[in-house]
Amino acid sequence: MSELEQLSRRDLERLSAYLDGALSAREKARLEARLRLEPGLRRSLRELQSTVELVRSLPEVRPPRSFALTPDVVAARARPRTYPYLQLGTALATLAFIFAVGVDVLGNVFFSPYSQAEMPREEVGEPAMLALDTRSPELLTEVAGEMGFREALSADKVNEGVAGDESIGEGAAAEVTELPMEEATPEPPEQPPGETSGPAPETPPVEPEAVEASEEEEVPAVAATSAVATEAALGEVAPNVAPMLGTPSPLPSEAREGGYPYEYAFAPPDGRALRFRSTLERLPWLRLAEVGFGALAVTLAALTLRARRRS
Amino acid sequence: MIREAQRGDLDAFNRLVLAYQSRMFNQAYRVMGDPDSAADVAQEAFISAYRNLRQYRGGSFRAWLSRIVTNACYDELRRRKRRPATSLEALMAVSDGVRMNDPTPLPSRAEGPESAAERGELTQAIEECLQALPLEFRVVAVMVDVQGYDYREVAEAIGKPLGTVKSRLARARARLRDCLQGHGELLPASFRLENEAIR
């Protein structure tokens, strides 16, 4: 068995570097002290040395021809003039794609209802003054947290005046009323999820304490819309919550994909209804830009690679 | 001369080629194992060097060239894996019993025919053991032990840290030792005496 096989990897590296003069002065002194004391280490060093000498004895061979370049070879193997532009175009398209995706993602992160739900209460308006603008087709369908839920639930009670109006969600006009929160709220009757009743019974606004208790209960729809529209809009998004909110209208399909379309209504003290829109709503061309830049980057990269391989 | 070549002077570049082509060809030959592939690799490397000469920013020019040759070797070996027919032809040429197209060694000191024959067998044994090494070990062993680069140049050529170069070289030498012990009858007396002393 070779002595080298018994060496640790560290000792092997030290001996190998020692042969090439690649050890520091300190490491060299230590190793030489050990070599004086350890005969096995000395044999290993001799084995390595003889191996290196053998390999170094390999003769240099003559090249079969000259490798000097001719103008023809250089011209034939030159990269096309468009190559640097293709490289630059690929880089720019990739950066633009990353930027578009970043805007999309960050926009949804910073302007999502989740972040809004944590805003101070005063920024989202007093619950007592909550109003829901049912004239807009893109209506609230879900709430992010308890605060938003309460507000939305309050909004339900506000909309009781438009119960039975099937055109809600279709942009029909509806009255917006504001109800004070002081009114007591009776326990709402149970209703299976996903179903909406016809004209909903009158129910006064729910007090904040009652909201917690009723959160898991089914609240009948306050405003009637077409049951089909309601279920289609809410079935996947919030099967438990939707009935409690009443009659939200379906959101645009592309806005609902990927869990984007969170928006809820709140009213500042002056009574105006405001709502948050997703990044895609604010920048409708963003998705097109993402796809466009992504496709452009891939195409240019393929052309660049092709030009490189041909040269 | 390098600066002239960087300005696009082809004659200046060809003077560089003549100065370094033997070294680069030998590096490619010891890594690839056959002269035809080595010639292709060397030619590709010089074309690539001419095209990218402006990226050379000083330091060891031979290390810079070696890096291009090393990368060209890797590329060629990867291409061979994808198209094994190419390497099979090379193998068939070798397996005919006589190694066709063996490059001519540069003339050294005069020696007798028996010595030359023994030398040839020993060289072949060392080359076989080199070829048996994993590629990353082989590249380092060729550059340091065959061509005499220092560790820093090798690190620059392969784009790895010094520690990696040391480690790979040590392990390559240990494996070469193990492999060469199998050709004991060809080895010089000093090599065999070491083995006997160990046993």
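The values are calculated or read from the model by the stated rules, or taken from the named source; none is laboratory data. This is a predicted model, so every value here is computed, not measured. Don't worry about glycine lacking a Cβ; one is built from the backbone with ideal geometry, like all the others, and counts go over all protein chains shown.
May I ask you to list the residues in region B:135-151 that are without any contact (Cβ under 8 Å) to a residue 40 or more places away in the chain and assigned to a helix (DSSP H, G or I)?
B:Glu136, B:Phe137, B:Val140, B:Ala141, B:Val144, B:Asp145, B:Tyr151
Checked against (1) loosely packed, with under 14 Cβ neighbours inside 10 Å; (2) of a type outside the set (A, V, I, L, M); (3) at pLDDT below 90, B:Gly148 passes all but condition (3). Taking the conditions (1) modelled with pLDDT under 90; (2) closer than 22 Å to B:Val144 by Cβ; (3) more than 8 Å from chain B (Cβ to nearest Cβ) in turn, A:Tyr18 satisfies each one other than (1). Mind listing just one residue for me: the one in region B:152-174 that is surrounded by fewer than 21 Cβ atoms within 10 Å (Cβ to Cβ) and assigned to a helix (DSSP H, G or I) and, of those, farthest from the chain's Cα centre (by Cα)? My answer is B:Gly163. Taking region A:37-51 as the range and being within 14 Å of A:Glu13 (Cα to Cα) and acidic (Asp, Glu) as the test, only A:Glu47 passes.
Counting only helices (runs of 4 or more DSSP H) that fall entirely inside region B:1-86 and contain at least 3 residues that are without any contact (Cβ under 8 Å) to a residue 40 or more places away in the chain, within 20 Å of B:Arg138 (Cα to Cα) and of a type outside the set (Ser, Thr, Tyr), the qualifying elements are B:35-51, B:61-82.
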